[in-house]
Amino acid sequence: MTRAGVTTWTLLVLALAGAITAAFVFLPRWYAESNEPVAATEPAAAPATPKIKARLFYLSEDGLRLVAAEHEVPFGESTLQQARRIVEAQLASPAAPLVSAIPQGTRLRAIYVDGNGEAFVDLSREVSSAHPGGALDEILTVYSIVNAVTMNLPAVRAVQILVDGHEVDTLAGHVDLRRPLPRNASWIEEPMVPVVPATTEPLPASPIPNGMAPPRDAPPKK
């Protein structure tokens, strides 16, 4: 082998050795950096749903009257939305010792508020088919709903209960439901006053939900 060949071979060996040395020198640093734990990003907390305090109504201990209980319910931007939240809360099964006057399984199908301050609450058929019957029980069922809406929303002066999208004469043969009913504090153990002062300002009529018969004297659905 010539001197030039030896020199070239020597330079190659030295270059290879240098590359290997550099790899061992920088590898630990690179390896450590690439394996550092990455801090988990905390998901942004969902904004809390605003709520209001509402008076809901349940059976008294002797079952002869209604008693009021204060609950927090989601805030509604409009009278219609707030009425929906209140009725949904009233239909929900309460925690003991409270007992609902409304048959279990009853659901809110739709709700409508007209410009005269009358609300039309459309309930599922269980409110009638699962009702135990009896004049007093029917009265307490009806006025737990009517009072919950009218006493928490003074802009609503009366409530008519519908069943499965239709107007009905009664739930169980005793209380006339063919017209909107105003609040009735006489069935409350301790008569309550409205949460806020009543207003006489007219309400804009809300759209009639699909599947719900227009209330009597209501403008036809467009």
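For the structure I just gave you, tell me whether Asn147 is of a type outside the set (A, V, I, L, M) and assigned to a helix (DSSP H, G or I). Steps first, please.
Values: of a type outside the set (A, V, I, L, M): yes; assigned to a helix (DSSP H, G or I): yes.
When the stated conditions are applied, Asn147 passes them.
Take the residues of the range 102-126 that are in contact with a Gly (Cβ under 9 Å, 6 or more places away or on another chain) and of a type outside the set (Lys, Arg): which is farthest from Trp187 (Cα to Cα)? Break it down into steps so the answer makes sense when it comes.
Filtering the range 102-126 for residues in contact with a Gly (Cβ under 9 Å, 6 or more places away or on another chain) gives 109-110, 122, 124, 126.
Applying the additional criterion that residues be of a type outside the set (Lys, Arg) yields 110, 122, 124, 126.
On the way: Ala110: 26, Asp122: 22, Ser124: 24, Glu126: 23 Å.
Step by step, filter the range 102-126, then rank; the result is Ala110.
Can you run down the residue pairs with Cβ atoms below 8 Å, 6 or more apart or on separate chains, where the first is in the range 58-85 and of a type in the set (Phe, Trp, Tyr) and the partner is surrounded by fewer than 15 Cβ atoms within 10 Å (Cβ to Cβ) and assigned to a loop (DSSP other than H, G, I, E, B)?
Cβ pairs passing all conditions: Tyr58/Leu98; Tyr58/Val99; Phe75/Thr49; Phe75/Pro50.
Which condition number in (1) surrounded by fewer than 21 Cβ atoms within 10 Å (Cβ to Cβ); (2) of a type outside the set (Ser, Thr, Tyr); (3) part of a loop (DSSP other than H, G, I, E, B); (4) under 22 Å from the mean Cα position of the chain (by Cα) is the one that Val175 fails?
It is condition (4) that Val175 fails.
Can you go through Val121, Val146, Val113 and tell me which one is of a type outside the set (D, E, K, R), closer than 20 Å to Glu88 by Cα, at pLDDT 95 or above and in contact with a Ser or Thr (Cβ under 9 Å, 6 or more places away or on another chain)?
Only one candidate passes the filter, namely Val113.
Checking the condition within 16 Å of the chain's Cα centre (by Cα) and closer than 14 Å to Thr141 by Cβ, which residue from Leu66, Leu59, Leu91 passes?
Leu91
The values are calculated or read from the model by the stated rules, or taken from the named source; none is laboratory data. Small disclaimer: the values here were computed from a predicted structure and weren't measured. All Cβ positions, glycine included, derive from the backbone under ideal geometry; neighbour counts span all protein chains shown.
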